[in-house]
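Below: one structure, written as structure tokens.
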Amino acid sequence: MERLVNNWCLINRAGDCCRASVSVVVESAPVRLARISHSEGASFVAIGGEPDSLIAAELGTSLFVDPTFTGRTWPLASVELLAPIRPSKVVCVGKNYADHAREMGGEAPVDPVIFLKPSTSVIGPGADIVLPADSARVDYEGELAVVIGGVPAKDVKVEDARSVILGYTIANDVTARDQQQADGQWTRAKGHDTFCPLGPWIETSLDPADLELRTEVDGETRQDCRTSELVHGVGELIAWISHAMTLLPGDVVLTGTPAGVGPMTAGQTVSVSVEGIGTLTNTVVGGP
Ligand code: MG
């Protein structure tokens, strides 16, 4: 990743790049990877620049190899952010905050309980969450999301988990609560199209151990906790999941939601913020 920062530095500073400035970038400006839609199609980009004038620089490679840049750039404000990754699968963890487990009427399970959301449920920041006509209650679940790096991950040890992680993003594990309770298993309730907003980008330089996570509906705080309250931490989850199934490059792991889950209705705006990453915002619309 330092190579990416180095190259990014070259673009940002038009060749005025020295070792000292690279170090400053590495330490003070973690690298953000994103996917954008622009007038000529879609591109993977790195995001840099000043907070009020962010720039998206097109990657000439995939996210998973030594990155290079094509030289094309866009003001971030002029393009649309897409989901930052297109995972083959999204692996989720249920009841991984004790206070959420209690609000659901139980205790956190001793071992992680996992389930899947289909790749077709993924949408990007700003996209609409579409309420299914056959559900009377659809909930938000703000979560820290982990993005797997470039090598298939199987039987990863807890202490090696960081080496298989590309970075972190934000997710909303949208849930048709009534269907979850009616079905007994969760595939339909968790798997509707648009039920997995991801974004706004992947933060590659972040310690996930103790970050504030906050969910707001129309600007009103509904969930507010720290990732230090996770029952099973990121390394433990990667080890547990990869023992059962191979995690492919770009696969996403949702680490669980804290207490405060609740319904969303058409017309509302839901924002999930994670310290050190940013904010994922989506609007809610009624289905056909
Ligand atoms: Mg969840």
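Of all residues being outside any strand (DSSP E or B) and β-branched (Val, Ile, Thr) in the stretch 201-253, which is farthest from Val45 (Cα to Cα)? Just the residue, please.
Val231
If Leu213 satisfies every condition in (1) buried (at least 20 other Cβ atoms within 10 Å of the Cβ); (2) at positive phi but one, which is the exception?
Every listed condition holds for Leu213 apart from (2).
Go through the stretch 43-53 and give me each residue that's more than 19 Å from the chain's Cα centre (by Cα) and assigned to a strand (DSSP E or B).
The answer is Gly49, Glu50, Ser53.
Go through the stretch 240-269 residue by residue and tally those that are of a type in the set (Val, Ile, Thr) and in contact with an Asp or Glu (Cβ under 7 Å, 6 or more places away or on another chain).
Qualifying residue count, the stretch 240-269: 4.
Only residues that are within 21 Å of the chain's Cα centre (by Cα) and touching a residue at least 40 places away in the same chain (Cβ under 8 Å): list them for the stretch 54-66, please.
Those that are within 21 Å of the chain's Cα centre (by Cα) and touching a residue at least 40 places away in the same chain (Cβ under 8 Å): Ile55, Ala57, Ser62, Leu63, Phe64, Val65.
Got a sec? Which of Val22, Val65 is part of a loop (DSSP other than H, G, I, E, B), farther than 14 Å from Ile202 by Cα and either at pLDDT below 90 or of a type outside the set (Gly, Ala, Ser) (or both)?
Val65
Suppose the filter is at pLDDT 90 or above and either among the acidic types (Asp, Glu) or closer than 22 Å to Val234 by Cα (or both); does Asp111 pass it?
It is true that Asp111 is at pLDDT 90 or above and either among the acidic types (Asp, Glu) or closer than 22 Å to Val234 by Cα (or both).
Pairs needed: first member in the stretch 173-190, surrounded by fewer than 23 Cβ atoms within 10 Å (Cβ to Cβ); second member anywhere, of a type outside the set (S, T, N, Q) and not in a strand (DSSP E or B); C-beta distance under 6 Å; at least 6 residues apart or different chains.
So the pair list comes out as Arg177/Arg137; Asp178/Ala136; Asp178/Arg137; Gln179/Arg188; Gln179/Ala189; Gln180/Trp186; Gln180/Ala189.
Can you name the number of the only condition in (1) of a type outside the set (A, V, I, L, M, F, W, C); (2) buried (at least 19 other Cβ atoms within 10 Å of the Cβ); (3) touching a helix residue (DSSP H, G or I) at 6+ places or on another chain (Cβ under 9 Å) that Pro249 fails?
Of everything listed in (1) of a type outside the set (A, V, I, L, M, F, W, C); (2) buried (at least 19 other Cβ atoms within 10 Å of the Cβ); (3) touching a helix residue (DSSP H, G or I) at 6+ places or on another chain (Cβ under 9 Å), Pro249 misses just condition (3).
If you take the residues in the stretch 260-288 that are surrounded by fewer than 19 Cβ atoms within 10 Å (Cβ to Cβ), assigned to a loop (DSSP other than H, G, I, E, B) and over 19 Å from the mean Cα position of the chain (by Cα), which one is farthest from the ligand (Cβ to nearest atom)?
Pro288
Output yes when any residue across the stretch 228-248 is within 23 Å of Arg35 (Cα to Cα), modelled with pLDDT of 95 or more and among the polar types (S, T, N, Q), and no when none is.
The answer is no; no qualifying residue exists.
Mind checking whether some residue in the stretch 196-216 is over 20 Å from the mean Cα position of the chain (by Cα) and away from the ligand (no atom under 13 Å from the Cβ)?
no
Here are some conditions: (1) touching a Pro at 6+ places or on another chain (Cβ under 7 Å); (2) closer than 23 Å to Val113 by Cα; (3) buried (at least 20 other Cβ atoms within 10 Å of the Cβ). Glu229 meets all but one. Which one does it not meet?
Here Glu229 meets the rest and fails (3).
What strands (runs of 3 or more DSSP E), lying completely within the stretch 75-172, carry at least 3 residues that are surrounded by 15 or more Cβ atoms within 10 Å (Cβ to Cβ), small (Gly, Ala, Ser) and more than 16 Å from the ligand (Cβ to nearest atom)?
Qualifying strands (runs of 3 or more DSSP E): none found.
Among the residues of the stretch 173-192, which ones are of a type in the set (D, E, K, R), under 17 Å from the mean Cα position of the chain (by Cα) and either in a loop (DSSP other than H, G, I, E, B) or more than 14 Å from the ligand (Cβ to nearest atom) (or both)?
Asp173
The values are calculated or read from the model by the stated rules, or taken from the named source; none is laboratory data. Nothing here was measured: the structure is a model prediction, and the numbers come from that model. Cβ: placed from backbone, ideal geometry, glycine included. Neighbour counts: every protein chain shown.
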